[in-house]
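J.: Below is a structure I'd like to ask you about.
The values are calculated or read from the model by the stated rules, or taken from the named source; none is laboratory data. Treat the numbers as computed from the prediction; the structure is a model and nothing was measured. Every residue, glycine as well, gets a Cβ built from its backbone with ideal geometry; the counts of neighbours run over all protein chains shown.
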């Protein structure tokens, strides 16, 4: 009986200590999200390990220790809107839930323009500010709207991420500052015949990687011998400079005929670059 009393007393004391330290006592911290549009998804996070995903306006909450700290922020912004957090950080005081975190979302700016001279059955991919999640694929000439929205007041740059084979597509009016009051609709993309840049690779060992660049801004990774062609063709009269950016492990690769001037009248040299790899 004495042992049971001591055991019970010890258990009670341990429980009190744990409660006092916040070991087993949790409460919630949360609030509401407003302004999400149809099809929008926002991911909120508390500190670094806990997330909540919402695809409609409404309430949210995170489980937090009763004496712990919290810091709620946007982990992933929706595309059509931009969301900010108010009252998002603090320290819990006891077990009373925090319910005043306010996440407000406001519309972003959608850009648009016109595509001309895209060849039949060809396609073109555009990107805004280098984004890879919301790229725009165009398959026909005419007006277009870009899939990636831009925050009101933020600068933007529209670029060709992937052109049609053998074509050069030039962007005009592709840079500016996004304005919700006056969204840009004058981005122009015009395509014309280009000169493919490429050649043949030989001597590369199996399970190794060689990286080439053309004019430092067009990168091509090769894993096996054979014919290669860079993603971007060049305009007539534009210079090319193909170099090894990363040598394969245990080898040294040399570029032959890697420099020249792209010519529509004589495109053969630009496609006759040779790259040879030997033990190194």
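J.: Which members of segment 239-280 meet the condition of being surrounded by 15 or more Cβ atoms within 10 Å (Cβ to Cβ), in a loop (DSSP other than H, G, I, E, B) and in contact with a helix residue (DSSP H, G or I) (Cβ under 9 Å, 6 or more places away or on another chain)?
T.: 262, 263 - these are the residues of segment 239-280 that are surrounded by 15 or more Cβ atoms within 10 Å (Cβ to Cβ), in a loop (DSSP other than H, G, I, E, B) and in contact with a helix residue (DSSP H, G or I) (Cβ under 9 Å, 6 or more places away or on another chain).
J.: Let me ask something additional. Take the conditions surrounded by 15 or more Cβ atoms within 10 Å (Cβ to Cβ) and either on the phi < 0 side of the Ramachandran plot or within 24 Å of the chain's Cα centre (by Cα) (or both) and apply them to residue 79. Does it pass?
T.: yes
J.: Looking at (1) assigned to a strand (DSSP E or B); (2) within 28 Å of residue 144 (Cβ to Cβ), which is the one condition that is false for residue 231?
T.: Here residue 231 meets the rest and fails (1).
J.: Separate question: So the check is Cβ under 6 Å with 6+ separation or different chains; which pairs have a first residue in segment 76-87 that's in the same structural domain as residue 50 (by TED's automatic domain parsing) and under 18 Å from residue 31 (Cα atoms) and a second one that's surrounded by fewer than 17 Cβ atoms within 10 Å (Cβ to Cβ) and modelled with pLDDT under 95?
T.: none
J.: While we're on this one: List the pairs whose first member sits in segment 226-247 and is on the phi > 0 side of the Ramachandran plot and assigned by TED's automatic domain parsing to the domain that holds residue 216, whose second member is assigned to a strand (DSSP E or B) and modelled with pLDDT of 95 or more, and whose Cβ atoms are under 9 Å apart, counting only residues at least 6 apart or on separate chains?
T.: 226/200; 226/201; 226/202; 237/261
J.: Do we have any residue at all in segment 188-206 that's farther than 17 Å from residue 162 by Cα, surrounded by 15 or more Cβ atoms within 10 Å (Cβ to Cβ) and free of Cβ contacts under 8 Å to residues at least 60 places away in the same chain?
T.: For segment 188-206, residues farther than 17 Å from residue 162 by Cα, surrounded by 15 or more Cβ atoms within 10 Å (Cβ to Cβ) and free of Cβ contacts under 8 Å to residues at least 60 places away in the same chain: absent.
J.: Is it the case that some residue within segment 214-223 is out of contact with any strand residue (DSSP E or B) (no Cβ under 6 Å at 6 or more places or on another chain), within 24 Å of residue 115 (Cα to Cα) and crowded, with 16+ Cβ neighbours inside 10 Å?
T.: The answer is yes, given that some residue of segment 214-223 is out of contact with any strand residue (DSSP E or B) (no Cβ under 6 Å at 6 or more places or on another chain), within 24 Å of residue 115 (Cα to Cα) and crowded, with 16+ Cβ neighbours inside 10 Å.
J.: Let me ask something additional. Would you be able to tell me the number of residues in segment 36-57 that are under 24 Å from residue 91 (Cα atoms) and either touching a helix residue (DSSP H, G or I) at 6+ places or on another chain (Cβ under 9 Å) or part of a loop (DSSP other than H, G, I, E, B) (or both)?
T.: Counting residues in segment 36-57 that are under 24 Å from residue 91 (Cα atoms) and either touching a helix residue (DSSP H, G or I) at 6+ places or on another chain (Cβ under 9 Å) or part of a loop (DSSP other than H, G, I, E, B) (or both) gives 3.
J.: Okay, moving on. Can you find a residue in segment 58-74 that is without any contact (Cβ under 8 Å) to a residue 24 or more places away in the chain and part of a strand (DSSP E or B)? It would help to see each step written out before you state the result.
T.: Pass one, segment 58-74, residues without any contact (Cβ under 8 Å) to a residue 24 or more places away in the chain: 69.
If we keep only those that are part of a strand (DSSP E or B) as well, we get 69.
Looking through segment 58-74, at least one residue is without any contact (Cβ under 8 Å) to a residue 24 or more places away in the chain and part of a strand (DSSP E or B).
J.: Are any residues in segment 108-133 within 21 Å of the chain's Cα centre (by Cα), part of a strand (DSSP E or B) and over 17 Å from residue 153 (Cβ atoms), and if so, which ones?
T.: Listed by number, the residues that qualify are 112, 124, 125, 126, 127.
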